[in-house]
Amino acid sequence: MLLSLIRMIQAFRDYQRNVAELSQLSDRELADIGLDRSDIPRVAAGHYQG
């Protein structure tokens, strides 16, 4: 149970870090990799299928 909680916390931190890093990219840089700002949460969560 404790291990499960630790994994959930780590996954959330990973998500937050990914969102922060992708949010630093310009709109042009996002477009270059086939994304726009609305895609960031899905990409960060690993649910993006582009």
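A short reminder: the numbers here are calculations on the coordinates, not readings from a lab. Quantities reported herein were computed from a predicted structural model and do not represent experimental measurements. Please note: Cβ atoms are built from the backbone with ideal geometry, for glycine as well, and neighbour counts cover all protein chains shown.
A few notes on this one:
- Mean ellipticity per residue at 222 nm, deg cm²/dmol - from DSSP H runs of n ≥ 4 across the chain, formula -39500 (n - 2.57): -21000 deg cm²/dmol
- For the chain, the longest principal axis of the Cα atoms and the long axis of helix 2-23 meet at an angle of about 10 degrees.
- Rounded Å value of the spacing that divides the Cα centres of segment 31-50 and segment 1-22: 18
- Among the chymotrypsin sites (Phe, Trp or Tyr not before Pro) in the chain, those placed in a DSSP loop whose Cβ has at most 14 other Cβ atoms within 10 Å are Y48.
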